[in-house]
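The values are calculated or read from the model by the stated rules, or taken from the named source; none is laboratory data. Everything numeric here is computed off the predicted structure, so don't read it as measured data. Cβ atoms come from the backbone with ideal geometry, glycine included; neighbour counts cover every protein chain shown. For accessibility, only protein heavy atoms count, side chains too; no ligands or nucleic acids. Shrake-Rupley method; radii C 1.70, N 1.55, O 1.52, S 1.80 Å.
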Amino acid sequence: MKTHRIHITGIVQGVGFRPFVYGLATRLGLRGWVNNTSAGVDIEVQGAEEALQAFTAALRQEAPPLARLDSLEVTEIERPPFTQFEIRASEAIAGAFQPIAADVALCADCERELFDPADRRYLYPFINCTNCGPRFTIIQDLPYDRPQTTMRAFPLCPDCAREYHDPLDRRFHAQPVACPVCGPQIWLEQPSRGRLAENLEALLAARRLLRQGQILAIKGLGGFHLACDAANPAAVETLRRRKGRQGKPFALMAADLTTVERYCHISPEERRLLTGREKPILLLNRRPEAGLAESVAPGMDTLGFMLPYTPLHRLLLDQNDPTLAAEAVPPVLVMTSGNFSEEPIATDNGEALERLAPLADVFLLHNRDIHIRCDDSVVRIDHGPQTAEDDPAIVHRPPSTIYLRRSRGYAPYPVHLPFETRPTLAVGGELKNTFCLTREKYAFLSHHIGDMENAETYASFEQGVEHLSRLFRVTPERVACDLHPGYFTTSWAEQNAAARLVRVQHHHAHIAACMADNGLENRPLIGLAYDGTGYGPDGAIWGGEILIADYRAYERAAHLEYLPLPGGDAAIRHPWRIALGYASALGLDVSRLPFLQAIEAQAAAVVRKQAERRLNAPPTSSLGRLFDAVAALAGVRADVTYEAQAAIELEVLSRPYAAQAAAFPWSLQETGEGLVIGLGDLLAAVIAAVEAGAPAGEIGARFHRAVADFSLEVCRRIRRRAGLSAVALSGGVWQNQLLLNLTRAALQAEGFTVFFHRQTPPNDGGLALGQAAVANHL
């Protein structure tokens, strides 16, 4: 008879791990105990050597589906004989921490009970168990026990208490467990009329109102959604007008997978993501005959779909239950964030009734508090070919997930780092903000905060930093921020950094983020950091940067030619200004191009003067702005209503032409400060193609080819000079799947090893990870 003490770290609380351990020990005839602590799970187990070995092996091999074991340490100890195996009370350990689980979509077992008329939770909108339900959004502190969540307001009824305390029950210590007797409730409310209906009547009324074209504000898992019938053009247009969201595509929620397949093509990997436990918004290639309102995603060849991930969503959209069938509901709903454009999503009932009253006709509310807001994640599958000809002789990788927004279902799962860190806070950038906390070999990248454009978002940022710092017991010894002196996050770091402040150049942070995401050691590689805006040490706006970088330092090996950005940031909303400014600076005539005909002569004259005299026209090497300029020259879009709209629409038009397109010319000049990619020949060729009547898609495809070509040539020259053959791709421009495919394929065909983001966004949503990595190497 031996006794082993076992300490386990990872995602092991709130996932059914203790009842799993209890059942395993009982099955193997072992005695002892298991408990949660602030540092993980501790076990003392006693029995025969063979049984103990089987027990230890099964801890990894048979762990619950939501568990993620990071470490498992076994020590042989001396103990008096135990008489049974028991689950002991949780223990708080000062200063200790552990990763916590993300929110999890409704599981199959709970879904089956939800629609079983004989079950006591039939049609109950808050059904959950240890395998599904809220986690991150309701946790207030660790260890993860009910009194430390927002569910503490709901005492358990006898039936729920029996399940909660039974180690062999699926709901043993499921902290959000509840039922219609003791748990949260829903109701329908209108600010001017008060409550209209409750519980099932509220649900049926909500379905009816959606069918009738009304806009509903619906309280969900991490905040409010605004919902309407996606096939009703008037409802969708009304929502756009009220929300102040003119052209940006709306997210959609469908009743089931079969419904999604009516509107989009779905690969096996996409099917797995749609139906998995995270259930993000997934960008899918739309079918030409998709019968939804055109204004759902104007100008796009993709649609962003998700499936219902909470019981409430599942009940709202169900098409089969006989009770719910009394009020039919559209099978596809717009399900967009509950906010005015650029504000954080509403989470509190009172706040929502005030802020969203101009947007929604009716509110579907509930009384389970949301402790931390968490937007839906947005992803797509990377199906790109691996070589220019998709050559099977080149090693292929399986399709992977590209994170465009990493939040619900994924945050705050950590990125595992290949190096030890000091306690660090990295505050991220100004757009698509997330922050990052590091401790030991963990990097906790936060949920999506948003664009730092208003006081509400600032408050959300501060709340998130305070909450995650407390959960993970991080008191920063270093605070990392961007170089840009005008960023809110930079000024916040300057005012709040009680420890060492580390300023990290934007594009260095991008490449470091890609390295950390891929678990790379601190060795130099080539970094293609392509985005819209990043502050350079010379005061210019960088964005078309090819670096030689490691975590500690970087060298600017090449960049796009500097051109003036007339009006600075104001030009981002008006690509015609960028096109005209670039052409004027390069001495190119665009007077005969169609895009200029709709521009007032006086406005055009001002832009020309700004560009030629460099008046309020900061120099930029941004590839994102070059995409905007080419899109405007080609007649795709002179003005935009959301970030990167012109570039996204150019990519959509370019895809059909990409296979046969020949690259536009470009030049490369050696200077004392590295290589400069000249744009005069390229833009002259674009203008000539427009004047010759070439379609915008053909022009766009040739431009994409040119970017891939000069990227490859610069990497060749760096390899000859520095002997480097590893390339990291990072920055928002790499969300362009066509450019990613062309560039990655060309590099791989010539023997380069290409690294791209696997766990974090390539855009500024991953920037904080890179800031934290750099700060821990200085």
Considering each residue of region 100-145, count those that are of a type in the set (D, E, K, R), in contact (Cβ under 8 Å) with a residue 24 or more places away in the chain, open to solvent by 20 Å² or more (accessible area, probe 1.4 Å) and farther than 24 Å from L274 by Cβ, and give that number. 3
Of all residues in region 31-50, how many are buried (at least 21 other Cβ atoms within 10 Å of the Cβ) and farther than 18 Å from D70 by Cβ? 4
What about G536, is it more than 28 Å from M515 (Cβ to Cβ) and at pLDDT 95 or above? no
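This table checks each residue for (1) in contact with a helix residue (DSSP H, G or I) (Cβ under 7 Å, 6 or more places away or on another chain); (2) modelled with pLDDT of 95 or more.
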| residue | (1), (2) |
| --- | --- |
| V427 | yes, yes |
| C436 | yes, yes |
| H448 | yes, yes |
| M452 | yes, no |
| E456 | no, no |
| H467 | no, yes |
| D482 | yes, yes |
| W492 | no, yes |
| A497 | no, no |
What's the number of the only condition in (1) more than 35 Å from the chain's Cα centre (by Cα); (2) modelled with pLDDT of 95 or more; (3) open to solvent by 10 Å² or more (accessible area, probe 1.4 Å) that G23 fails to meet? (2)
Go through (1) more than 19 Å from R88 (Cβ to Cβ); (2) in contact (Cβ under 8 Å) with a residue 60 or more places away in the chain and name the single condition P19 misses. (1)
Residues that are farther than 24 Å from S192 by Cβ and open to solvent by 10 Å² or more (accessible area, probe 1.4 Å): list the strands (runs of 3 or more DSSP E) wholly contained in region 303-384 that include at least 2 such residues. 378-382
With the condition kept exactly as written, say whether any residue in region 6-22 is over 27 Å from R439 (Cβ atoms) and in contact with a Ser or Thr (Cβ under 8 Å, 6 or more places away or on another chain). yes
Filter region 494-530 down to residues that are open to solvent by 10 Å² or more (accessible area, probe 1.4 Å) and acidic (D, E) and give me whichever is farthest from V707 (Cα to Cα). E494
Among the listed residues P564, P575, which satisfies the condition of being farther than 30 Å from R721 by Cα, touching an Asp or Glu at 6+ places or on another chain (Cβ under 7 Å), crowded, with 24+ Cβ neighbours inside 10 Å and of a type outside the set (F, W, Y)? P575
Can you tell me which of (1) open to solvent by 10 Å² or more (accessible area, probe 1.4 Å); (2) without any contact (Cβ under 8 Å) to a residue 40 or more places away in the chain; (3) part of a helix (DSSP H, G or I) is the one L747 doesn't meet? (1)
Checking S591 against (1) touching a Leu at 6+ places or on another chain (Cβ under 8 Å); (2) free of Cβ contacts under 8 Å to residues at least 24 places away in the same chain, which test does it fail? (1)
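Each row is one residue, and each column tells you yes or no for (1) closer than 23 Å to H507 by Cα; (2) open to solvent by less than 20 Å² (accessible area, probe 1.4 Å); (3) assigned to a strand (DSSP E or B); (4) not small (G, A, S).
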residue	(1), (2), (3), (4)
L404	yes, no, yes, yes
G409	no, yes, no, no
F419	yes, no, yes, yes
G429	yes, yes, no, no
E440	no, no, yes, yes
A443	yes, yes, yes, no
Q463	no, no, no, yes
H467	no, yes, no, yes
Output for region 599-619, where each listed residue is exposed (fewer than 12 other Cβ atoms within 10 Å of the Cβ) and of a type in the set (D, E): E600
Restricting to region 638-669, give me the number of residues that are under 32 Å from the mean Cα position of the chain (by Cα) and of a type in the set (S, T, N, Q). 3
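Yes/no matrix, rows are residues, columns are (1) hydrophobic (A, V, I, L, M, F, W, C); (2) modelled with pLDDT of 95 or more; (3) open to solvent by less than 20 Å² (accessible area, probe 1.4 Å):
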| site | (1), (2), (3) |
| --- | --- |
| R208 | no, yes, no |
| I218 | yes, yes, yes |
| T238 | no, yes, no |
| K243 | no, no, yes |
Is it the case that region 657-675 has a residue that's closer than 23 Å to V590 by Cβ, of a type in the set (D, E, K, R) and in contact (Cβ under 8 Å) with a residue 24 or more places away in the chain? no
The one condition L650 fails out of (1) touching a Phe, Trp or Tyr at 6+ places or on another chain (Cβ under 7 Å); (2) under 14 Å from L738 (Cβ atoms); (3) open to solvent by 20 Å² or more (accessible area, probe 1.4 Å); (4) not basic (K, R) is (3)
Are any residues in region 666-689 open to solvent by 50 Å² or more (accessible area, probe 1.4 Å) and closer than 16 Å to R556 by Cβ, and if so, which ones? Q669, E670, T671, G672, E673
Looking at region 545-562, I want the residues that are within 20 Å of E713 (Cβ to Cβ) and at pLDDT 95 or above and have a partner that is among the small types (G, A, S) and surrounded by fewer than 22 Cβ atoms within 10 Å (Cβ to Cβ) with Cβ atoms under 6 Å, at least 6 apart or on another chain. Which pairs are those? R556/G674; A557/G674; A558/G674; E561/G678
Whichever residue in region 6-20 is open to solvent by less than 30 Å² (accessible area, probe 1.4 Å) and in a helix (DSSP H, G or I) and, among such residues, is farthest from E440 (Cα to Cα): P19
Of those in region 60-99 that are farther than 23 Å from T475 by Cα, in a strand (DSSP E or B) and not hydrophobic (A, V, I, L, M, F, W, C), the residue least open to solvent (accessible area, probe 1.4 Å) is S71
Does L168 count as under 21 Å from L24 (Cβ atoms), open to solvent by 40 Å² or more (accessible area, probe 1.4 Å) and of a type outside the set (S, T, N, Q)? yes
Selection status of G581, at positive phi, in contact (Cβ under 8 Å) with a residue 12 or more places away in the chain and open to solvent by less than 80 Å² (accessible area, probe 1.4 Å): no
Over region 15-38, the set of residues out of contact with any Asp or Glu (no Cβ under 9 Å at 6 or more places or on another chain) and either of a type in the set (G, A, S) or closer than 21 Å to R146 by Cα (or both) is V15, G16, F17, R18, V21, G23, A25, G29
From the list T743, T760, T753, which residue is out of contact with any Pro (no Cβ under 6 Å at 6 or more places or on another chain) and within 20 Å of G464 (Cβ to Cβ)? T760
